[in-house]
Amino acid sequence: MKLFATAAAILLASRSGEAAEPKLRANMMKALEESESKKTPKMASESAVTSPARERISQYVRDGQMFFIIKDQMILYEDPSKDPVPVQQVLWLCQPTTAPDLNGDGQYDSVISHVNIFVPPSTMKAVQKAGATHAPLKVTFSTHGYTSSWVEEGQYYNERVVDFGDATVWQIHNNEFIGYETSPPGGTGGLVSSGEGTWTFNTTEPTLQELATSMGIELTPETCAETYAKTWKSSHQSEE
């Protein structure tokens, strides 16, 4: 009788273990999944990741133009007899060309375009009064190029505005910039500058309204392209 009871107990325990095994296995799997989720949290798709710089460039591509306004930032010329001059400029970026989306993230990683740089009459008078340049006292545009590339590690665009006619470069990091121009042998037009600017798409901004009023134009992507072509052609004809 005792032998029978012992055998029955062993059999019952064996069956109970078999019944508990699936539940035990499920609990172990759940614990493992929770542990793994803590180690490697789910990442959002790269196309969903955004930043102010990404949003700005995306709007630039949509709108077809963008402005960088520099107000009261100092320029120091290489000639020590010339005082530093506070300047104001508007960088008017025209319709951009984007590189193919090779990595498929839905973002604009590389953008290039033409740029008109506008110098208001007030700045032209200030630099001439300071003896920094022999520029005529009138509203002027000059033609430049814009190039940018997305820096994944820093989450910003490496942006440059360059003068096709000389060695002037504006290096922009978000709203901060540095600028410089070198002189040819025997020249004295070299300069350096640094400061802050403002990116905007708002054409009713007072500085942009001054630009539009001075030139008698509307600030549109089409006008930007027309202004660039006209200025470029005029400057090259004067060199012939």
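All of the numbers you see were taken from the coordinates with simple rules; none came from a lab. Just so we're clear, the structure is a prediction, and the values are computed from it rather than from any experiment. Glycine gets a Cβ as well: all are built from the backbone with ideal geometry, and neighbour counts include every protein chain shown.
When Lys and Arg each count +1 and Asp and Glu each count -1, what net charge do the other residues less than 13 Å away from Ala99, Cβ to Cβ, add up to?
Details: positive: none; negative: Asp101, Asp105, Asp109.
So the surrounding residues net to -3.
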- So, in Å, what gap is there between the alpha-carbon centers of the stretch 136-211 and the stretch 72-128? 2
